[in-house]
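The values are calculated or read from the model by the stated rules, or taken from the named source; none is laboratory data. Here the structure is a predicted model, which is why all the values come from computation and not from measurement. Cβ placement follows ideal geometry from the backbone for every residue including glycine, while neighbour counts extend to all protein chains displayed.
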């Protein structure tokens, strides 16, 4: 950890300690939200969607499917 990171961490800790408990919980939840939505946890993306459109692959070309997806998503 760099000196700058340590300073930032100390500042955040001081500010965090000034908050009432209910707001501390909100801060923790927000940090968890950011980690989850930014993929920071280091998880590799899963391909759980792989093959989901196999039943329509014969029906549309890739370009047609892109246009169809735009229609479906509105």
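Which condition number does residue 21 fail, the rest of (1) within 23 Å of the chain's Cα centre (by Cα); (2) modelled with pLDDT of 80 or more; (3) exposed (fewer than 10 other Cβ atoms within 10 Å of the Cβ) being met?
Among (1) within 23 Å of the chain's Cα centre (by Cα); (2) modelled with pLDDT of 80 or more; (3) exposed (fewer than 10 other Cβ atoms within 10 Å of the Cβ), residue 21 violates only (1).
Being part of a helix (DSSP H, G or I) and loosely packed, with under 10 Cβ neighbours inside 10 Å is the filter; apply it to segment 35-53 and report the residue that is modelled with the lowest pLDDT.
Taking the candidates together, the pick is 38.
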